[in-house]
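**Student:** My questions all concern the structure below.
The values are calculated or read from the model by the stated rules, or taken from the named source; none is laboratory data. None of the values given here were measured: they were computed from a predicted structure. Here the Cβ positions follow ideal geometry from the backbone for every residue, glycine too, while neighbour counts run over all protein chains shown. These area figures cover heavy atoms from the full protein model, side chains too; ligands, DNA and RNA do not enter into them. Shrake-Rupley method; radii C 1.70, N 1.55, O 1.52, S 1.80 Å.
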Amino acid sequence: MVFGNILNSILPSRQVTSQSAPVGYGSNVGITDGDASYDTAAEVYGALGAAGAGYYKIWEKTIGAQKGIRWGFGSPLTPYNQGYMWFALLDGGTGFTTGVLRLCQSDANETINLVVKEVDDTNRLHTTTNTNITTAQPSDMAVMTALPEQVHRPIVGEDSKLQLKYSAITRPAAEDAAGFSIPVTIFQ
C-alpha cells in the first residue's frame, strides 16, 4: 500500500497497516483425509446411490480448531500456480462409474449447504484406463481439471465441513476402487 509506505517512512515509530485478505497455503485432500465414516475407498463407493437416484454424500471432512479451508488453490491468472484435481470411481478392468461430482461446504449441523463446483466426472477427471486406481489417475496437468481457489465462497471454519456429493449416471456391476486428489487452500 503506497499510502502506508509513505506514512511509515515519515512516522517510522508508528506502523500503518492495511486490512488485507487472509493468505493461505495450498494442499490437497484425498480419501484418507476424510472423517472416520469417509476415510477409505470402500466407504466412499459404498455410499453411492443407484444410478439416477440423485446426489449422495460420499466424502466429508470436518474442519479442526483454529483452521479454515476453501476448495481450490491459486489463481487462473497463473495456470502453473493453481490446483488441478482428479477423481475416479471404478470396477477394476471393467469400467468407470460415470456421474456428476459436487464440491460442497456446509455448517456443522448441515443446515446450510453450498455447492461450490459441479463437474461431470467424464470430463478430464480421470484417464481412460480402468485397470486400477493408479492407472486411472492422470499425471499431466494439461489433461486435468483446474480448480483455482474458490474465492467467491466463504472460508469453511472450525466444525464446518467440506463434502463431496455424487450423482451416479451409470455404474459398473460393483466398484472396487475409488480415489481423488482435490486442491484446497488452508488458512491457520
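**Student:** With respect to V44, determine if the residue is in contact with a Cys (Cβ under 8 Å, 6 or more places away or on another chain) and either among the acidic types (D, E) or open to solvent by less than 60 Å² (accessible area, probe 1.4 Å) (or both).
**Tutor:** Details: in contact with a Cys (Cβ under 8 Å, 6 or more places away or on another chain): no; either among the acidic types (D, E) or open to solvent by less than 60 Å² (accessible area, probe 1.4 Å) (or both): yes.
Criteria not met by V44.
**Student:** Okay, next question. Tally up the residues in the stretch 75-103 that are open to solvent by less than 20 Å² (accessible area, probe 1.4 Å), assigned to a strand (DSSP E or B) and either free of Cβ contacts under 8 Å to residues at least 60 places away in the same chain or under 17 Å from T185 (Cβ atoms) (or both), please.
**Tutor:** Count: 2.
**Student:** Still on this structure: Go through the stretch 114-127 residue by residue and tally those that are under 24 Å from P172 (Cα atoms) and open to solvent by less than 60 Å² (accessible area, probe 1.4 Å).
**Tutor:** Looking only at that region, the number is 5.
**Student:** Within the stretch 128-144, identify whether any single residue is surrounded by fewer than 20 Cβ atoms within 10 Å (Cβ to Cβ) and assigned to a strand (DSSP E or B), and answer yes or no.
**Tutor:** no
**Student:** I've got another one for you. Going through the stretch 62-74 one residue at a time, which ones are aliphatic (A, V, I, L, M) and either farther than 17 Å from G24 by Cβ or open to solvent by 30 Å² or more (accessible area, probe 1.4 Å) (or both)?
**Tutor:** Of everything in the stretch 62-74, just one residue is aliphatic (A, V, I, L, M) and either farther than 17 Å from G24 by Cβ or open to solvent by 30 Å² or more (accessible area, probe 1.4 Å) (or both), namely A65.
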